[in-house]
Amino acid sequence: MRDKINEGFVLWFTGLPCSGKTTVADMAAEKLKEKGRKTERLDGDIVRESLSSDLGFSREDRAENIRRVISVAKKLSLDGTGVITTFVSPYRDMRRKARVSISNFIEVYAECPLEECEKRDVKGMYKKARKGEIENFTGVSDPYEVPENPEIIIHTSRETPRESCARVMGYLERNGYI
């Protein structure tokens, strides 16, 4: 196995809203920093407030949002950074574009039943979507296309965040990134 410790990579967390992506990604970022790995986090909510504040949630706007994230993640990873992204990124074609564009792309699927995601929703987004107050809400009025061959699957309704993080870190260790 080739040592990739000085190469950048992109951990692309995807899953339904409230599936646990951010919790596990934040833990993984901390672990990587503790190991001295140059790491950057790109979070969907933060990117939407800054880089993509001009976009809505139509399929076209979601595609543009992901296109922008791909560009930033690719640049950072080419500079040797471990990039951790957390985006619902509901459509396979968008994730496929990320995979094709980014070397060392690692898809992490946060698998969690819709019912559990709804229970975890402290912002009340699912309730608003079910009432028709939020359009194009993934899992309610817009589809989530489950990844076909993710490198890592974390089962966030059956594992603790620590166990899910250990699964991610184990993958990175086994594949020479840390």
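So if the hydrodynamic radius of the range 1-90 is defined as the Kirkwood radius over C-alpha pairs, what does Stokes-Einstein give as its diffusion coefficient at 4 °C and 1.567 mPa s, in µm² per second? Provide the component values of the computation, followed by the final result.
On the way: Rh = 13.7 Å.
Taking Rh from Cα pairs, D becomes 95 µm²/s.
Give the list, by residue number, of cysteines in the chain with no other Cys Cβ closer than 4.7 Å, or say none.
C112, C165
So what is the calculated 222 nm ellipticity per residue for the chain, using -39500 (n - 2.57) for each DSSP H run with n of 4 or more, over all residues, to the nearest 500 deg cm²/dmol? Each step should come with its number before you reach the end.
Working: 7 runs with 77 residues, N = 178.
Value at 222 nm, helices only, nearest 500: -13000 deg cm²/dmol.
Quick one: divide the alpha-carbon radius of gyration of the chain by 2.2 N^0.38 Å and tell me what you get. Working shown, then result.
Working: Rg = 15.7 Å, N = 178, 2.2 N^0.38 = 15.8 Å.
Working it through for the chain, the quotient is 1.00.
Could you tell me the number of lysine pairs in the range 19-89 with C-alpha atoms less than 19 Å from each other, where the two lysines are 8 or more residues apart or belong to different chains?
Counting lysine pairs in the range 19-89 gives 4.
What's the longest piece of the chain with no exposed trypsin sites (Lys or Arg not before Pro), counting a site as exposed if DSSP puts it in a loop and it has at most 12 other beta carbons within 10 Å?
On the way: sites that count: R2, K123, K131, R158.
That would be 3-122.
Cut-off under 19 Å on the C-alpha distance; same-chain residues fewer than 8 positions from K97 excluded. Which aspartates and glutamates are left, in chain and number order?
Qualifying aspartates and glutamates at Cα under 19 Å: D43, E60, D61, E64, E107, E145, E148, E151.
Using a 1.4 Å probe and ignoring any ligands, DNA or RNA, find the accessible area of M27 and quote it in Å² to the nearest 10.
60
Among P90, P143, P161, which one shows the highest mean-square fluctuation when the chain is modelled as a Gaussian network with alpha-carbon springs under 10 Å?
P143
In whole percent, how big is the carbon plus sulfur part of the accessible area of the range 37-110, probe 1.4 Å, protein atoms only? Mind showing how you got there, number by number?
Details: 1760 of 3400 Å².
Within the range 37-110, the accessible surface is 52 percent carbon and sulfur.
Please find, in a Gaussian network model of the chain (springs between Cα atoms separated by less than 10 Å), the residue of I70, I102, I46 whose mean-square fluctuation is greatest.
Its mean-square fluctuation being the largest, the pick is I46.
Of the candidates I106, I134, I84, which one comes out as most mobile in a Gaussian network treatment of the chain with C-alpha springs shorter than 10 Å?
I134
Kindly provide the GluC sites (Glu not before Pro) of the range 104-135 that DSSP labels as loop, not H, G, I, E or B, and whose Cβ sees at most 16 other Cβ atoms within 10 Å.
Numbers: sites: E107, E111, E115, E116, E118, E133, E135; in loops: E133, E135.
Hits after loop and neighbour filter: E133, E135.
Averaging over all projection directions, find the projected area of the Cα convex hull of the range 76-165 and quote it in nm² with one decimal place.
Values: hull surface 27.9 nm².
In nm², the orientation-averaged hull projection of the range 76-165 is 7.0.
Just the number: Rg to Rh for the range 81-133, Cα atoms, Kirkwood Rh, two decimals. Intermediate results must be reported in sequence, preceding the final value.
Working: Rg = 14.6 Å, Rh = 13.6 Å.
Taking Rh as the inverse mean 1/r over Cα pairs, Rg/Rh reads 1.08.
Please compute the per residue accessible area over the chain with all protein chains in place, 1.4 Å probe, rounded to a whole number of Å².
On the way: 9180 Å² over 178 residues.
On a per-residue basis, the chain sits at 52 Å².
The values are calculated or read from the model by the stated rules, or taken from the named source; none is laboratory data. Bear in mind the structure is a predicted one, so any value in this text is a computation, not a measurement. So basically every Cβ, Gly included, is an ideal-geometry build from the backbone, and we count neighbours across all protein chains shown. Heavy atoms of the whole protein, side chains included, go into the accessibility calculation; ligands, DNA and RNA do not. Shrake-Rupley method; radii C 1.70, N 1.55, O 1.52, S 1.80 Å.
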